[in-house]
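The values are calculated or read from the model by the stated rules, or taken from the named source; none is laboratory data. Quick caveat: nothing in here was measured; it's all calculated off a predicted structure. Here the Cβ positions follow ideal geometry from the backbone for every residue, glycine too, while neighbour counts run over all protein chains shown. Heavy atoms of the whole protein, side chains included, go into the accessibility calculation; ligands, DNA and RNA do not. Shrake-Rupley method; radii C 1.70, N 1.55, O 1.52, S 1.80 Å.
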Amino acid sequence: MKKKLAIFDLDGTVVDAYDSIYKTINYISEKLNYKKFEYEVVKRAIGKGDLQLVKTLFKDKYKIAHSLYRENYLYFLENNVKVIDGVVDFFIELKKRNIKIAGATNRAKFSLEKLLKITKLEKYFDLVLCADDVSKPKPNPEIILKIINYFKFEKEEVFFIGDMDIDYETGKNAEVDTYIVLTGSSKKEDFEKYDSPLIFDNMKEIEKFLIENKLI
């Protein structure tokens, strides 16, 4: 069945904002007299929202760390985010084919608007929902189901693209076709626990797959 709605995770899938988060975390580390975190440690902890991120890294000091994160992140976001290769071309192709584009992110609303403005991606999205728009974050399927309900499409007319295991679980929990792109924090081996997930190295490969299989 031809697809009518493409839903994308944002961080690691559409945008690379790891530097902005890493720099914010180490600013907090300095303020709280923590040892500086390694880049990969921070990168692997991203994806479940900023509160869970600071809980993972700062343990019992997470409340003050979260406050510092919210106070300082937008400053570090300004010059430390970029659109991942192939994303804009894919978005343009989807628009040509009259396919709606939505975003589903565990990122909080306080940084979402600035992220979309800096990257100039806001013009492509028909809808973006974030952690503030749902009662339960990914991998709960609520965010995907709310987007589908907004557009009034059937699940068979939808696909979801993400970069992490929680994205795969979200898509499967929502019962929509789900594709994984390895441009974020997860590695191929992170998906070995699942039954034959469709995994691609980059967005161009997903675009090619969808066109060749007449899904778009």
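What the table shows:
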read-out	value
Rounded to the nearest 20 debye, dipole of the range 89-216 from Cβ charges on Lys, Arg, Asp, Glu	600 debye
Rg/Rg_ref, the range 169-216, where Rg_ref = 2.2 N^0.38 Å and atoms are Cα	1.18
Linear extension gain, K36 paired with K59, 0.36 nm per residue minus alpha-carbon span	6.8 nm
Greater than 31 Å apart at Cα, pairs in K2/K120; K136/K208; K117/K193; K3/K59; K95/K138; K59/K155	K136/K208; K117/K193; K3/K59; K59/K155
Carbon + sulfur, % of accessible area of the range 107-216 - ligands and nucleic acids excluded, 1.4 Å	47 percent
Whole-angstrom gap from the range 58-115 to the range 167-216, using each part's C-alpha centre	20 Å
Relative contact order [Cα under 8 Å, 6+ residues apart], the range 1-112, whole percent	47 percent
Cβ-based charge dipole, the range 1-151, positive-most Cα from V87, L53, A131	A131
Under the span-like rule (Cα at least 15 Å along the axis, Kyte-Doolittle mean at least -0.5), DSSP H helices of the chain	62-77, 109-119
Equivalent ellipsoid semi-axes - Cα gyration tensor, the chain, angstrom	30, 17, 16
For the range 1-131, accessible area per residue (1.4 Å probe, heavy atoms of protein chains only), Å²	50 Å²
With 10 Å bins from 0: P(r) over the range 66-136, alpha-carbon pairs, percent	17, 46, 29, 7, 0
Sequence ranges 138-147, 26-35, ranked by mean other-Cβ count within 10 angstrom, highest first	138-147, 26-35
Interatomic Cα distance distribution for the range 1-42, bins of 5 angstrom, percent	5, 19, 20, 15, 10, 9, 7, 5, 4, 3, 2, 0
Solvent-accessible heavy-atom area per residue, rounded to whole Å², over the range 140-216 at 1.4 Å	49 Å²
Solvent-accessible area, 1.4 Å probe, carbon plus sulfur percent, for the range 8-84	48 percent
Scattering profile of the range 105-200 at q = 0.12, 0.18, 0.19, 0.20 Å⁻¹ [log10 I(q)/I(0), Debye over alpha-carbon scatterers]	-0.40, -0.91, -1.00, -1.10
Fraction of beta bridges assigned by DSSP in the chain that are antiparallel (%, nearest 5)	10 percent
Additional length obtainable on full extension of the chain from E205 to K117, 0.36 nm per residue less Cα span	29.0 nm
Relative contact order %, the chain, counting alpha carbon pairs below 8 Å whose residues are six or more apart	27 percent
